[in-house]
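Asker: I'd like to ask you about the structure that follows.
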Amino acid sequence: MMANLKYWLKGLAVAALSMVVYAGALGCYIALMLLVISMEEGGDNLSAFSVSLTEAVVLLSQGNGFKTGSITLTIMPLLLTVLLIALIASLAKRVGTSLSGCVAGTIGWVLINVFFANSLDIKLVDTTGVVAVKTAIVFVLGYAIAAIPESPLTKRDLDWISEHVSSPVRKTVTIGVALGVLLITVYLVIGLIVVLYWAFSNQSAMVKLYELSGMQNGSRILTTIAMIAWIPNIAIWAISWVFGAGFSIGDLAEFTMWSGQGSALPSLPIFGLLPQAIETNWIRIALMCVPLALACAAGINKGFHIRVGNSDQQIDVKRVVLGFAYPAGAFCISCTVVSVCSSLLFAISSGALGSKHLAHIGVDVISSTRKIGQPTAVGLFSSWLLTLVAVSMFFGIRWIVKRVRESRSGASTAALESDNREVANAARTV
């Protein structure tokens, strides 16, 4: 009984410690930022709003938007979300994990967030039930990252799979999932590089927006650091932009490689780094071919392990056919992983900044997923077809060489037998 209680208390400790560390660090920064802004810009003491703003940001980082006046903010700061999940996973791994601890920690985490939601002066977009579900998903995800690799149930399931599933099938699934995750990771890195290029090339526009707002240097620095929390969102939008789908800021602006202008955008400095249109055609074509080329290269590198054998050995048709069937299955799994992960990333990166013209900021999930999924699938199966053609040509050439050798060997044998017959039939001279 005491052992079970210990596991329950460990789960509650993970939830409480995670919230203390996360909300404490976030609250200190928000209080500092509001203090500096109120000192430099004058007016009322904004630090009095630090507690309520901290609670709102804690909920926002878990997908719960809020309304205040004409502003409706539902765009998750994904950098804070990732850091929160990593914090929960780290503390859970250090304290210890169990099923009862996960249940207790989830209940405690949900209760804390529901308390925050009920103590806010501003109105939340979601109901209390939705807040509970979203916050529970965040905690369970972080706890599972720590618990699943070390769980006895995981080891038992892996042993059962190794006993009942053949090694080629396990290898196919592993390669398919790993290849899909690798491609998504490369796409995210490309999006981050593009955002850094935007920030470098459009820094003058951001400075101009700061000057128009009249903010002092301290307020600019702290506000810029706060806006970094939404950089992963813009990096995901940049993936859609690079691959041809683009993104929009409500119905006020639409950014693609062919157009990059907007009208009446809010004077937020972060909007200053949004891109201009690309005027060179070959650059646009090259960028749109990136997922196809990457998928093709990754498929050729990771997908095939076909043994040719010596020219004197008989061709094992079954092994060659399986050598192409398993990569085809792995590529199907990779395409599914890329499509599902990209759809999820595009969905959680978008949101609202208002209720009318800014009701939707971000990407069109279906269009952007298609722009990534289709070139990735074409690239993977192009590598499959190229390998098939290359192997077929190799076996064809080897078969032709073998037939030529056999014909030459047969001709030589026939000539030798004819010479022997002529020698035997010749008259002997005594």
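The values are calculated or read from the model by the stated rules, or taken from the named source; none is laboratory data. Note that this is a predicted model, so its numbers are computed, not measured. FYI the Cβ positions are ideal-geometry reconstructions off the backbone, even for glycines, and counts take in every protein chain you see. All accessible areas refer to the heavy atoms of the entire protein, side chains included, with ligands and DNA or RNA removed. Shrake-Rupley method; radii C 1.70, N 1.55, O 1.52, S 1.80 Å.
Asker: Can you confirm whether the stretch 373-380 contains a residue that is open to solvent by 40 Å² or more (accessible area, probe 1.4 Å), part of a helix (DSSP H, G or I), in contact with a Gly (Cβ under 9 Å, 6 or more places away or on another chain) and modelled with pLDDT of 85 or more? I'd like the intermediate steps shown before the answer.
Answerer: From the stretch 373-380, those open to solvent by 40 Å² or more (accessible area, probe 1.4 Å) are 374, 378; that's our starting set.
The next check asks that each one be part of a helix (DSSP H, G or I); those that pass are 374, 378.
Restricting the remaining residues to those that are in contact with a Gly (Cβ under 9 Å, 6 or more places away or on another chain) gives none.
Looking for residues that are open to solvent by 40 Å² or more (accessible area, probe 1.4 Å), part of a helix (DSSP H, G or I), in contact with a Gly (Cβ under 9 Å, 6 or more places away or on another chain) and modelled with pLDDT of 85 or more, one finds none in the stretch 373-380, hence no.
Asker: Right, here's the next one. Counting residues that are in contact with an Asp or Glu (Cβ under 9 Å, 6 or more places away or on another chain) and without any contact (Cβ under 8 Å) to a residue 40 or more places away in the chain, which helices (runs of 4 or more DSSP H) fully inside the stretch 1-115 reach at least 2? First the steps, then the outcome.
Answerer: Numbers: elements: 2-41, 50-60, 78-95.
The qualifying helices (runs of 4 or more DSSP H) are 2-41.
Asker: Another question, then. Determine the pairs where a residue that is over 21 Å from LEU265 (Cα atoms) and aromatic (Phe, Trp, Tyr), located within the stretch 239-254, has a partner that is at pLDDT 85 or above and crowded, with 20+ Cβ neighbours inside 10 Å with Cβ atoms under 8 Å apart, the partner being 6 or more residues away or on another chain.
Answerer: PHE243/PRO291; PHE243/SER368; PHE243/LYS371; PHE243/ILE372; PHE243/PRO375
Asker: Right, another one. What tally of residues in the stretch 340-354 results from selecting those that are in a helix (DSSP H, G or I) and either open to solvent by 10 Å² or more (accessible area, probe 1.4 Å) or in contact with a strand residue (DSSP E or B) (Cβ under 8 Å, 6 or more places away or on another chain) (or both)?
Answerer: Filtering the stretch 340-354 down to residues in a helix (DSSP H, G or I) leaves 340-349.
From what is left, the residues that are either open to solvent by 10 Å² or more (accessible area, probe 1.4 Å) or in contact with a strand residue (DSSP E or B) (Cβ under 8 Å, 6 or more places away or on another chain) (or both) are 340-341, 343-349.
The qualifying residues number 9.
Asker: How many residues does the stretch 129-177 contain that are over 24 Å from CYS335 (Cβ atoms) and not in a helix (DSSP H, G or I)?
Answerer: 1
Asker: Which of (1) in contact (Cβ under 8 Å) with a residue 24 or more places away in the chain; (2) touching a helix residue (DSSP H, G or I) at 6+ places or on another chain (Cβ under 9 Å) does VAL130 not meet, given it meets every other one?
Answerer: The failed condition is (2).
Asker: Further question: What number of residues within the stretch 170-186 are open to solvent by 60 Å² or more (accessible area, probe 1.4 Å) and over 21 Å from LEU287 (Cβ atoms)?
Answerer: As a first pass, look at the stretch 170-186 and keep what is open to solvent by 60 Å² or more (accessible area, probe 1.4 Å): 170-171, 173-174, 177, 181-182, 185.
Now drop any that are not over 21 Å from LEU287 (Cβ atoms), which leaves 170-171, 173-174, 177, 181.
Here the count works out to 6.
Residues are listed down the side, and each one gets a yes or a no for (1) more than 17 Å from ALA13 (Cα to Cα); (2) open to solvent by 30 Å² or more (accessible area, probe 1.4 Å); (3) at pLDDT 90 or above:
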{"position": "GLU55", "(1), (2), (3)": "yes, no, yes"}
{"position": "SER70", "(1), (2), (3)": "yes, yes, no"}
{"position": "LEU111", "(1), (2), (3)": "no, yes, yes"}
{"position": "PRO149", "(1), (2), (3)": "yes, yes, no"}
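Asker: Further question on the same structure: If VAL189 meets every condition in (1) open to solvent by 50 Å² or more (accessible area, probe 1.4 Å); (2) within 30 Å of TRP241 (Cα to Cα); (3) in contact (Cβ under 8 Å) with a residue 40 or more places away in the chain; (4) hydrophobic (A, V, I, L, M, F, W, C) apart from one, which number is that one?
Answerer: (3)
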